[in-house]
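Encoded as structure tokens, the structure appears first; notes follow it.
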Amino acid sequence: MTARRGPRGETMTLRVYRALIVLLLPSGFTDAFAGDMLAVFAELEANARAARRTRAAATLSAWLAVATELPGLLRLAVRERRTLRTIRAHSATTRLEENVFDSLRQDLSFAVRSLRRAPGFTAVALLSLALGVGANAAIFSVVNAVLLTPLRLRDPERLVAVNEQTKQAAGFSITSTSPGSLFDWQSHSSSLRIAGVYGSQGVVTVNGDPQQLTGVSSVGALLDVLGVQPLFGRLLTIADEDPAAPRVIVLSFDAWHRLYGERRDVVGTTITVNGNVTTIVGVMPAGFTYPGAPIDYWVPSRFDAKFRANRDQYFIQVIGRLATGATIEQARTEMSTVSALLNRDWPKYNQGTRIDVQPLQESIVGNTRRRLLVLMGAVVFLLLITCANLGNLLLARASGRRREIAVRQALGAERSRIARQLLTESVVLAVAGGALGLLVGKLFLKLLLAAQATTNLPRSDEIALDTRVMVFGLAVSMIAGLLFGSVPAWDLARARSSDALRDGARGSGGHQWARNVLVVAEIALAMVLLTGTGLLVRSFGLLQRVSPGVQADHVLAFSVAPQKPAPSFFTDALTRLRALPGVVSVGTTTALPITAEPAARGSTVLIGRCRKTYSPRARRGAW
């Protein structure tokens, strides 16, 4: 039985199927696969017609075949059109990215060439920006290390300093306490775990070679309270503080490197410290030097029962760690109760005092915060002057480029494209100036450290030009470049090309107001800095003329820590020192005047005055 065919020998159902393919499927897919799909459908239609005896039944079967293929055809159409949209979107994005990348590359290349063609302008701008950024980077390094960086201890926000403070002179803290007070604080406090530390000088003998090292003695397992784990070995424990326990020592990383060349088998070996055989039990990690640098070792205190009750020798600095769930307000309330108890039981030593608790980092920083912030403000003013100077340089250069920009606009360049090009030049200049500024800042910081300008600062051993400082310097230079580069970019981009071509290379009055504002700002900031510098110099001069209450000229002081002194050791030493030519007087003390810093336990400070004609070098050599 034959089906009715069209002009090309196709049945009506095949023509309908062809029309559905063309209508539903993308043209690219149709060109590639329509022939195969029509061949498959023609075969299906022929089989359907052959299975029927009458023409009507065969025609119905053919249309059922079309209906059966339609859902699959629709699903195929949806999938292919979705794929086509994805491909087109990806292609458009790729072309856009390629255009943006090419445009950026061209802007950068042109900016570099433009700056190279103006070496004088480029050199002055880079130098100005480098000095401003460098000074800020150097001072910010100090601020970052001292004020912003948390202490390199476990949970530093839970560490506190515990001091005695006089009630009559609010704010005056006694930074050290006696053993008796320390152990009372420990026994009566539940919100704080308290430990103490004091200086210790030691002559350490390794392989017969004696060396003078600086260390600290720990009371109450100081290292464990601080929460720093050793590099290897173990920390000091409270059991090590028993006078009957074996003598042990924990070395710093630097001392371990210097004495043993970083040998890992030192734990368990013995060294001689002040004539006593001592076992090394641990080595601390690199960079850990608490409570200050340089620290070569940590040893337990080993107080006997009599000295644990001592209340008239103030040499122990006290820190504490807040207990889990405790707050600093709870610790202050508790220590106020302890202070009242000690005032009642020991009025001779505690009358008129109270116990002060404050965050450890705040205690270390002290009054340094205000000085550093004032200094940081001064260099920020210097940076603002630098930025104003940079803005003036960019505006002056823009005046000479008006004709160039006008020609580019006349040739069809868009204003946005010109503005972007000028901003790119400013950013390139800012990045180069920022990189150079970091090098200058590193040099400034080395000069500060070499001149010992930061030795009186807390945490001075942590001052460095780290990643945070580098990000700060680059961010400052980028902001300066974008902020002060946008003014000439906007002014030149919006200027009419006809005016610029008619005026030639003469300066424009359109941005004269901006230059005037920058000049006024520059002069105003310079006056502020100059006034502040004058006041600072005057204050320094007045401080130099203030009498400290003692005569410090031609005075020499040094500490002595004899291992086993004879009863007449200091008497004989003072007699021999007084006999030296040029010596006027000699005496001993446990703490230097003015500073009130106590000497290391076991040490005595000798102070001597010489005649004015006796040179410091000669008196040091004789003593």
query = In what sequence, highest mean first, do 252-262, 114-124, 137-147 appear when ranked by Cβ atoms within 10 angstrom?
reply = 137-147, 252-262, 114-124
request  = Rank these residues by their accessible area, most exposed first, probe 1.4 Å: HIS188, HIS554.
outcome  = HIS188, HIS554
ask   = With every protein chain present, what accessible area does ARG193 have (1.4 Å probe, heavy atoms only), rounded to the nearest 10 Å²?
value = 100
task = For SER103, SER486, SER190, write out the residues from largest to smallest accessible area, computed with a 1.4 angstrom probe and no ligands counted.
result = SER190, SER486, SER103
message = Sort MET37, MET470 by heavy-atom solvent-accessible area, probe 1.4 angstrom, most to least.
response = MET470, MET37
task = Scan around VAL219 for amide H atoms under 5 Å from its own, H built in the peptide plane at 1.01 Å from N, and keep only partners 5 or more places away or cross-chain.
result = GLY196, VAL197
key: Cut-off under 5 Å, modelled amide H: who pairs with VAL248 long-range   = THR279
remark   = The set of residues whose placed amide H lies less than 5 Å from the amide H of ALA323, leaving out same-chain residues fewer than 5 positions away, is LEU192, ARG193
ask   = How large is ³J(HN,Hα), in whole Hz, for each residue of segment 178-192 in order, when computed from phi with the Karplus curve 6.51 cos²θ - 1.76 cosθ + 1.60 and θ = phi - 60°, using x for Gly and Pro?
value = 9, x, x, 5, 4, 6, 5, 4, 4, 6, 9, 10, 10, 8, 10
key: Phi-based couplings in Hz for segment 64-77 (Karplus 6.51, -1.76, 1.60; Gly and Pro marked x)   = 5, 5, 4, 4, 5, 7, 4, x, x, 5, 5, 4, 5, 5
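The values are calculated or read from the model by the stated rules, or taken from the named source; none is laboratory data. Not measured: the values here are computed from a predicted model. So basically every Cβ, Gly included, is an ideal-geometry build from the backbone, and we count neighbours across all protein chains shown. Ligands, DNA and RNA are stripped out before the accessible areas are found, and what is left, the full protein with its side chains, is counted by its heavy atoms. Shrake-Rupley method; radii C 1.70, N 1.55, O 1.52, S 1.80 Å.
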